[in-house]
Amino acid sequence: MMLSLFKPEWLITDVLRVFVDNGSSVNVIFKEALVQMDLHEYRLEAVETALFGFAGHVVYLEGEITLPLTLGTEDLRKTVVTIFTVVDAPSSYNIILGRPTMNEMRAVASTYHQKIKFPVRGQVEEVKGDQPSSRKYYGETVRVDQKKARREDKGKVVKRVEEAAKEREVHFVAEEEQEALEIEPGKHIRELAGILPQVAEHKLNILPGSRPMKQKKRYFGPEKDKVIDEQVGELLRAGHIWEVQFPTWLSNVVLVPKATGKWRMCVDFRDLNKAYPKDCYPLPQIDQLVDSTSRCELLSFLDAYQGYHQIPLAHEDQDKASFITSGGTFCYVVMPFGLKNAGAT
């Protein structure tokens, strides 16, 4: 397959040996190809991450370069501005086209037919590959990757990332904003206690005219009341709930058996959920999530252990998320399980 790249001087260079990889979250151009195109002295954007090949070896990156890329024949050409990750490694290919470019071109690839099709000005353009050459170059690449995987130590990438983090000013959450937890004697971790309302906040959006509902208190018996009191006490100590006296809405708690044989306390928010519309926020596709992290050095996970308690509940809605137990009446100040639009938030 052949495509064209525009140099900074706007001279067109045709590039052969292009590998289309729908499983790659980045576009790759090999340094040897840049040298042959007289682009090796062009300024690259720094990148401090690394790539892992499908054979398991680590590939360190030279940087990123942005170039206009053209695919198609003389009559039906399509050009997109493409970010390439520059790799200094032996390869049978000059360029690897990943999902970012394929998605932007709205291209569909067929490995069986060795073709790519994409729309251009209301028509469909077709680019053909060469099957014998494809088998040859692919076989060479697999052999090179397997040899490289046996030689390299994966631990080098950890050292390189750590050194890069020391050279830059990396902002971490202050210790006073974290909660220290002892996981084993002498071993501690720090957990982020919550996030600011300016970052994320859950709102109920109660429909105007909705009549507040107060459920009649349910009785569970001494054994289950003890379980409820223990879990309410944990929520109080964590600051996730407050005691309230005059709630506008009131729900009952429900005990749900866990797979471990223990009980989990939930709140029956069915009446409250009927009072506001469903937020049909679309959940992202897994390939979109992977692509969005392709150029990130660090990945942060919001800990949703036993609840969405890191996300605050809007102040004006806290009394609506109230529940009653044998020990008193409480309201959530953070987003609990059971709310209709918690997933969307």
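Peptides 248-256, 280-288, ordered by how many other C-beta atoms sit within 10 Å of their residues on average, highest first, read 248-256, 280-288.
Dipole magnitude for region 209-318: about 640 debye, using +1 per Lys or Arg Cβ and -1 per Asp or Glu Cβ, origin at the Cα centre. Simple spin-label estimate for Glu316 and Asp130 gives 6.8 nm between the two label positions (7 Å along the Cα-to-Cβ direction from each Cα). Applying 0.36 nm per residue to the separation of Asp75 and Glu32 and subtracting their alpha-carbon distance, the gain on full extension is 12.5 nm. Spacing of the modelled spin labels on Val108 and Leu298, each 7 Å from Cα toward Cβ, amounts to 4.3 nm. Segment Arg121..Ala238, full-extension length gain: 36.2 nm, with 0.36 nm per residue of separation and the alpha-carbon distance subtracted. Each residue, Ala344 and Lys224, gets one label point 7 Å from its Cα in the Cβ direction; the gap between the two is 3.2 nm.
Quick note: the coordinates plus some simple rules give every number you see, no bench work behind them. Here the structure is a predicted model, which is why all the values come from computation and not from measurement. Quick reminder, even Gly has a Cβ in these numbers, built from the backbone with ideal geometry, and neighbours come from all protein chains shown.
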